[in-house]
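The structure under discussion appears below in the form of structure tokens.
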Amino acid sequence: SIQSYMCENCTGLESVTIPSGVTSIGSSAFRSCRRLAEVIVNPVTPPTLNSNAFDDIYPTAKILVPSESLDSYKAATGWKTFASMMEGMESAD
């Protein structure tokens, strides 16, 4: 799990990679990280995304998710809010 408020207001954070074993991202974990331009999310199954986790990040940020799971992420509770920011990526395997 990624704890709530873990990186809230981290002004220098530009990129983050969510490891494949993560099953939940806490409330406001990356909220107001205004330089966060790239989020790489490796879990095939969308982790539980709690409120405000990615609110107020860089306006043109990209959220990269496994290509085979792109539709699942775009439909998942919490994640669907960020559907316009999502792109598929090939897995590293």
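The values are calculated or read from the model by the stated rules, or taken from the named source; none is laboratory data. Note that this is a predicted model, so its numbers are computed, not measured. As a convention, Cβ positions derive from the backbone with ideal geometry for all residues, glycine included, and neighbour counts pool all protein chains shown. What goes into the accessible areas is simple: the full protein's heavy atoms, side chains included, and nothing from ligands, DNA or RNA. Shrake-Rupley method; radii C 1.70, N 1.55, O 1.52, S 1.80 Å.
Residues in segment 5-45 that are in contact with a helix residue (DSSP H, G or I) (Cβ under 9 Å, 6 or more places away or on another chain), of a type in the set (A, V, I, L, M, F, W, C) and in a loop (DSSP other than H, G, I, E, B): how many? Give the steps one after another, and end with the answer.
Of all residues in segment 5-45, those in contact with a helix residue (DSSP H, G or I) (Cβ under 9 Å, 6 or more places away or on another chain) come to 39, 41, 43-45.
Add one more test, that the residue is of a type in the set (A, V, I, L, M, F, W, C), and what stays is 39, 41, 44.
Next, from what is left, pick out any that are in a loop (DSSP other than H, G, I, E, B): 44.
Count: 1.
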Does N9 fit the bill of being loosely packed, with under 15 Cβ neighbours inside 10 Å, of a type outside the set (F, W, Y), free of Cβ contacts under 8 Å to residues at least 40 places away in the same chain and at positive phi?
yes
Residues within segment 28-53 that are open to solvent by less than 30 Å² (accessible area, probe 1.4 Å) and either of a type in the set (V, I, T) or in contact with a Ser or Thr (Cβ under 8 Å, 6 or more places away or on another chain) (or both), tallied
10
